[in-house]
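S.K.: Mind looking over this structure? Questions follow.
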Amino acid sequence: MRLLLVLACAGLLTACQLVYKLPTRQGNVIEQKQLDQLKLGMTREQVTYLLGTPLAASPFRTDRWDYVGYYKSPRGKVSKRIVTLYFEQDKLARMEGVEDTSASAGIENPDVKTVIREERKEAAESEREASERDSGVIITPQ
């Protein structure tokens with residue numbers, strides 16, 4: 001009987017999504033405010049100080065660094081970002097993937113403040129939608 005009660009409680013808790021899932025981060029943590037500080041002509045040391053060590057730097061092609069970031073929120077939203085930097089004579093010459101794509105593609109920024117702000121915004125929108133629904137009472141004109 002106890003086992004049945006424990007299994008029923010566990011089933012109810014998982015059905016209500018009360019189990020917290022940790023966010024998953026892999027690769028480089030790439031934030032837009034760091035990328036906004038990148039300027040052409042910066043040295044490799046300045047870029048390393050600003051963004052950290054690149055995830056993919058080939059020993060055979062030293063003029064290209066790849067920063068790869070992956071984030072999965074507790075709600076299941078996945079965002080990926082790849083930033084490729086090209087160097088010429090140890091100076092930053094070209095950048096790909098630096099522009100902010102979160103507004104156009106719906107990819108959230110993986111920093112904690114943005115995640116919390118987005119969750120609050122979604123909760124407020126769902127409350128607003130729930131309050132705007134009709135009451136179910138149909139009034140017919142006489």
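The values are calculated or read from the model by the stated rules, or taken from the named source; none is laboratory data. This structure is a prediction, so every number in the text was calculated from the model and none was measured. Positions of Cβ are backbone-derived with ideal geometry, glycine not excepted, and every protein chain shown enters the neighbour counts.
S.K.: Taking the range 77-96 on its own, how many of its residues are surrounded by fewer than 16 Cβ atoms within 10 Å (Cβ to Cβ) and under 15 Å from the mean Cα position of the chain (by Cα)?
M.R.: Total meeting the criteria: 3.
S.K.: Taking the conditions exactly as written (of a type outside the set (K, R), closer than 28 Å to E119 by Cα and free of Cβ contacts under 8 Å to residues at least 40 places away in the same chain), does L51 satisfy them or not?
M.R.: Values: of a type outside the set (K, R): yes; closer than 28 Å to E119 by Cα: yes; free of Cβ contacts under 8 Å to residues at least 40 places away in the same chain: yes.
Judged against the criteria, L51 is a match.
S.K.: Scan the range 63-76 for residues that are closer than 17 Å to M42 by Cβ and surrounded by fewer than 14 Cβ atoms within 10 Å (Cβ to Cβ) and jot them down.
M.R.: Hit for the range 63-76 is D63, nothing else.
S.K.: For R44, state whether it is in contact with a strand residue (DSSP E or B) (Cβ under 7 Å, 6 or more places away or on another chain) and either modelled with pLDDT of 90 or more or farther than 30 Å from R117 by Cα (or both). It would help to see each step written out before you state the result.
M.R.: Details: in contact with a strand residue (DSSP E or B) (Cβ under 7 Å, 6 or more places away or on another chain): yes; either modelled with pLDDT of 90 or more or farther than 30 Å from R117 by Cα (or both): yes.
Yes; evaluated as a whole, the condition is true for this residue.
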